[in-house]
Amino acid sequence: MKIIIVGAGKVGYTLAQELSMENHHITLIDHDAEVLNYANETLDLMCIKGNGASVEILKNTDIDETDLLLAVTSSDELNMICCVIGKKLGAKYTVARVRNTDYSNEFKMLQEELELDMVINPEMDAATEIARMIKFPSATNVETFANNLVEMVEFRVLDSDPIINIKLMELNKKLPEKVLFCAVRRDNNVYIPKGNFEFHQDDLVYVAGERGSILRFFKYLGRHPHKAKNITIIGGSRIAVYLTWILQELDIKVKIIEQDKDRCYLLNDILNDTLIIHGDGTDQEVLDNENIASADAIVSLTDRDEENLITSLYAHQCGIPKVILKINRQNYFPIITKLGLDSIVSPKFITANNILRLVRALDNSKGIAVEKLYRILDNEAEIAEFTAKKIPHLTDIQLQDLKMKKDVLIAAILRDKKIIIPNGNDLIKEKDKVIVVTKAGHITDLNEILTD
Amino acid sequence: MNLKIVLKIIGTVLFWESVLMTPSFIIAVIDNSFDRNAFLIAIGITATIGLILKNIKAKEYTLRKREAFASVALCWLVISLFGALPYYISGITNSYIDALFETASGFTTTGATIFSNVESLPPSMLFWRSFTLWIGGMGVLVFTMALAPSLGARSIFLMEAEHAGLSPGRLVPKLSDTAKILYAIYSTMTLITIIIFVIGGMPFFDAVIHAFGTAGTGGFSMKTYSIGHYNSVFLEWATVVFMFMFGINFSLYYIILKKDIKTVLRNEELRFYGGLVIASTVLIFINILPLYNYSLGDSLRNAAFQVTSVTTTTGFSITDLNMWPMFSKSLLLLLMFTGACTGSTTGGMKLIRIIILFKSVLKEIKQTIHPGSISKIKIDHKTIDNDGERSVLIFFFSYIFILFVTLVILSLENFDFMTTFSAALSSLSNIGLGYGLIGPMGNFSEFSHLSKITMTMAMIIGRLEILPVIALLSPSMWHKQ
C-alpha cells in the first residue's frame, strides 16, 4: 500500500518503522531535517521536508494514488487540516491524531464533517487499556480474538502457583479445563513452550482459551479476581482525565495527585467527584500521607519515565496489588519487567498498534490474509488471526502430521462459533478462523506457517 | 566493522557477477570460440565463492555507514579481480595485471584498453568487456539492489557510496524500486541507442557494443577507429546526441516521465551542462577550422564529438587529437576534470560540485565586501548547508591530491608530460582517452605493471568518488565494533 505519514515524531517514526518492514511504500513528511535524515538512513522510505498540510508538498507525493494518509504531528489542528486537504487531493483513507480533551466529545462530528475516516487519540486509547488492566488485576495484559470469543492473557508466574516445576504435558492433564500456553518470556528470551517445558517462577506467560476457562484457570492458580474500588493516579495528564471518566462509569473512586497547582485547578474544573491532591507524586511523604497502601491500584502517568518508575517501585514495595505505569521509551521495557513491574502502558505503542491493525484491515481487503495481529513480549512474538482457505498440505490434515515451522503454534481454532483449543488430533478446515502464535518473524498468510 | 555482513554483501554481488558472465559464455558457445572454457571456469569460480560468502551467518544484520562504505569499496575491488578471470584464463592478455586493468577499466566505465589490436578479439570477449562497462555505469550494487532487495533496510548507505555525484535521491519510497526504475530508464535508453545505430547502418553486434560504450559513457569499441570506422556522419552525430543524453542526471528522466518538464528545464546543473558543452564546442570549432580546411561541417562535427565525448567521460574519438592545436587540447583537458551531471553514468568531478565551488567563491567575495551578510549557497532553490559545502571542498582537495600522487607514480615511466598527465587524469576521471602515447590511436599496453596497478586503483577511487576507498585505509574502520 502507498502510505503517507505526516509528522516524524515518536508515533510517526514507530509507524514508519513497522509499516516499512511490512513492505508498504511509505513517504514521511516533516519540517525537521534532522529527524528526516535519521529516518532516511535507518528505514527504507522516502522523506520530504515541508509542511504536510501544504498542497504543493502533498502533490509532490503522488497523493492521488495514496491509499492511506496518517497525520500524526503534535498539533491536532494541523492533523485535521492535513487530512481534509489530503482527502480533497485524492487520498483514499485518512487518519488524524486528535488528542486535546476539548475535542474528545466531538469525534463523531469531526469525522463526519471533515470526512476523516478515523480519529485516533493515543491518550484515550491508553486510558482504555489501563482500565482493562484494572478490570483484570491478575493479568498483566489481555487481548481478545475471534469476535472476542478467545482471550489471550498475560500473567507472571508466582512461586505459590501450582504450575511450577512440572512438565507441560503432565500439567495439561491436571488442569481443570483446556487452556493453551502460547508464549513464555524468561530472561529476555521468548519461548514457544513444547510438551517438556517447565515453568519457573517469574516467567511471563501468555495463556489462551475461552473466557470461562481462563477464569477457572486463574481460580486454579489461587488468584481470585478482586474488584478494584479505590484507584490512585499520579500525574494529572490527559490520560488521567480520560481514565477517570472511564473508571467513574465503573463506580470506582479515583484520587489524582498532581504537582502543578494550575493543572490541579483545571482538573477540578473538568472532573467531578474526584479527589485532586496537590503534591509531588514521587515524594514518599505525600504518598504515605495519602495512605496509598490502601489503594487497590496505583497508576503512574507523569511525563517522566523515571518518576513513574520510582513511584511504581515504591508502590510495589508497599504491596499494592496492581501497579500500572506509563513508559515512553521502549528500551526501558526489559529493565522494568525485570524489576517485577509488568503492567506497562506506552501510548506511542498503543497508537502504533491500533494504526497497524487498521492498515492490516485495509490490506486485507486487498488480499493479504491477516485479520488481526498483535505483537507481544516487546515485539518478540506475534499473534495473528486468519481465516483458512483451502490450502494443500495444510487444511484437513491432523495437526501432528503438519510440517510446521519451528516456533509456530496454532493457539486456537474457531469453527461454527465454537472454540477448539487444538491438540495433535485436531485439524484445520476451510473457513475456520485460526489463531497462530509465532516468534519466527512476520507471517502474512496462513500457508507461511509450513516449512518451505 | 562487522566483517561478516560485508563478506555477505560481497558474496551476493559476486553471485550476480557470475550470472552477468553467462551471456558472454553463451556467445562463446554459439561462436564455438576458444575462450568458451575460460568463461565456464570463471563462472564456476565466481559463483562458488559468491555462494559461500553469501551464506555466511552473521549475528547482527544492521548495516552501518562504515560497513556500507567498506562493502562498496571491497566489492568493486573484488568484482574487478574476478571479472579479470575470463581474460586471464583464455590467455588473451599477457598477464593477470593486464586482465585486471582491462576489467577495472570496464566496470569503472573508463574504457582504457591494453589491447593493441581490439579487432582480433573474439565476440564473446568484446561483449564481456562492453557489458562490464554497461553494468558499471549505473552501479553493480544498484544492480544487485534491484534484483535482491535483501541487502537490508539501511542499503541507502550502499547507494550513497556507489552513486556518482551528490546525495542520491529516492525516486520512490522503496530503495529496490528506485534501483529498478533507474535500470529500466537506463535499459530503455540503451535499447533506443542500439536501434538508432542499426538504422544508421551498423551491424547489430557492433551496434550493441557501441551502445554499451555510449550508455556507460565508457567508450570501449571493437574497432581501432571506434565510431569513425563506419565513416557515417549520421552515426557520429547520433553518438554525440546519445553521449550527451547519458550525461544527464537519470532522475530527471523520471521527472520527465511524470510529465513535469518545467522542473527539468529549470534544473541548474542541466543548464550549466548544456551551456558548457555548447560554449566549448563553439570555441574548439573556431580553433580547429584551419585544420579541416575551413570545412564548417567537419569542424563542427569533430568539435562537438570530442567535447561531448570528453565531458561525459566516454572517451570515443573519431580523429587523432594529438594533431589538434594546443588551445583545443587544453580546453578538453579542463573538461576531463569536470565530467557531466550527478546521477548519470559519467565520471569526473561532476558539474554540480563545480557549480557549488563557484558559488562558494562568490559567497566569499560577497562576505568580504559585506562582512555581516548572511548567505547560503542555493542550488535549484534548495539551500546547500555548510556540511554539503564542506564535503565538496574536501572532495576537490582529495581529487587533486590523488591526481598528483598518481601522476608522480606514473612519471617513473619517464614518458612525456602530456602522456603522463593525461593518463593520470584519464584514469581518475574514468575517461580512458588521453594525449601522446595514449591518444586515440594508442593504448595503455606500454605501461609497466606498477603503473597499471596504480591506474587501476585510480579508476576505482575515481568511480567511487574517493571516500569509500580511502576510508578502507583507516585502521579504525577495521576495528571490531
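The values are calculated or read from the model by the stated rules, or taken from the named source; none is laboratory data. Source: prediction; values computed, not measured. A quick note on method: Cβ atoms are made from the backbone with ideal geometry, for glycine too, and the neighbour counts reach across all protein chains shown.
Of the strands (runs of 3 or more DSSP E) lying entirely inside segment A:267-350, the ones with 2 or more residues being closer than 30 Å to A:GLU18 by Cβ and of a type in the set (D, E, K, R) are found at A:322-326. Every test in (1) surrounded by fewer than 19 Cβ atoms within 10 Å (Cβ to Cβ); (2) closer than 30 Å to B:GLY169 by Cβ is passed by A:LEU149 save one, and that test is (2).
The requirement of being outside the structural domain of A:ASN423 (by TED's automatic domain parsing), among the basic types (Lys, Arg) and without any contact (Cβ under 8 Å) to a residue 40 or more places away in the chain is fulfilled nowhere in segment A:133-150; no residue meets it.
Of all residues in segment B:404-416, none are at pLDDT below 90, of a type in the set (Phe, Trp, Tyr) and in a helix (DSSP H, G or I). So, in segment A:1-17, of the ones that are among the aliphatic types (A, V, I, L, M) and either free of Cβ contacts under 8 Å to residues at least 12 places away in the same chain or part of a helix (DSSP H, G or I) (or both), which residue ends up nearest to the other protein chains (Cβ to nearest Cβ)? The qualifying residue nearest to the other protein chains (Cβ to nearest Cβ) is A:ALA16. Of all the criteria given as (1) at pLDDT below 80; (2) closer than 30 Å to A:GLY281 by Cα, the one not satisfied by A:ILE327 is (1).
Per the listing B:LEU141, B:LEU77, B:LEU81, the residue uniquely more than 14 Å from every other protein chain (Cβ to nearest Cβ), in a helix (DSSP H, G or I) and within 20 Å of B:PHE212 (Cα to Cα) is B:LEU141.
Candidates A:ALA411, A:ALA352: the one that is within 20 Å of A:TYR191 (Cα to Cα), at pLDDT 75 or above, crowded, with 20+ Cβ neighbours inside 10 Å and within 20 Å of the chain's Cα centre (by Cα) is A:ALA411.
Output yes when any residue across segment B:63-70 is over 25 Å from the mean Cα position of the chain (by Cα), closer than 25 Å to B:SER476 by Cβ and of a type outside the set (D, E, K, R), and no when none is. Within segment B:63-70 (the criterion being over 25 Å from the mean Cα position of the chain (by Cα), closer than 25 Å to B:SER476 by Cβ and of a type outside the set (D, E, K, R)), the answer is yes, since at least one residue qualifies.
One residue alone among A:GLY209, A:GLY236 is touching a residue at least 40 places away in the same chain (Cβ under 8 Å), farther than 27 Å from A:GLN317 by Cα and either part of a strand (DSSP E or B) or assigned by TED's automatic domain parsing to the domain that holds A:GLU307 (or both), and that residue is A:GLY209. The set of residues in segment A:18-44 that are outside any loop (DSSP other than H, G, I, E, B), facing chain B (nearest Cβ under 9 Å) and of a type in the set (S, T, N, Q) comprises A:SER20, A:THR27, A:ASN40, A:THR42. Of the helices (runs of 4 or more DSSP H) that lie entirely inside segment B:250-342, those containing 2 or more residues that are within 30 Å of B:VAL172 (Cβ to Cβ) span B:250-257, B:261-266, B:268-288. Scoring A:LYS219 on the criteria (1) touching a strand residue (DSSP E or B) at 6+ places or on another chain (Cβ under 8 Å); (2) among the charged types (D, E, K, R); (3) surrounded by fewer than 22 Cβ atoms within 10 Å (Cβ to Cβ) leaves a single failure, condition (1). For segment B:161-192, the set of residues classified as more than 9 Å from every other protein chain (Cβ to nearest Cβ) and at pLDDT below 80 consists of B:ALA161, B:GLU162, B:HIS163, B:ALA164, B:GLY165, B:LEU166, B:SER167, B:PRO168, listed by residue number.
For segment A:45-97, the set of residues classified as more than 14 Å from chain B (Cβ to nearest Cβ) and among the charged types (D, E, K, R) consists of A:ASP76, A:GLU77, A:LYS87, A:LYS88, A:LYS92, A:ARG97, listed by residue number.
Per-residue answers, yes or no, for (1) out of contact with any strand residue (DSSP E or B) (no Cβ under 7 Å at 6 or more places or on another chain); (2) more than 30 Å from A:ILE413 (Cα to Cα); (3) at pLDDT below 80; (4) not in a strand (DSSP E or B):
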| site | (1), (2), (3), (4) |
| --- | --- |
| A:GLY90 | yes, yes, no, yes |
| A:SER104 | yes, yes, yes, yes |
| A:PHE107 | no, yes, yes, yes |
| A:GLU115 | yes, yes, no, yes |
| A:ASP125 | yes, no, no, yes |
| A:GLU129 | no, no, no, yes |
| A:MET133 | no, no, no, yes |
| A:ASN148 | yes, no, yes, yes |
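When segment A:222-250 is filtered for residues that are touching a strand residue (DSSP E or B) at 6+ places or on another chain (Cβ under 7 Å) and within 20 Å of A:ARG156 (Cα to Cα), only A:ALA228 remains.
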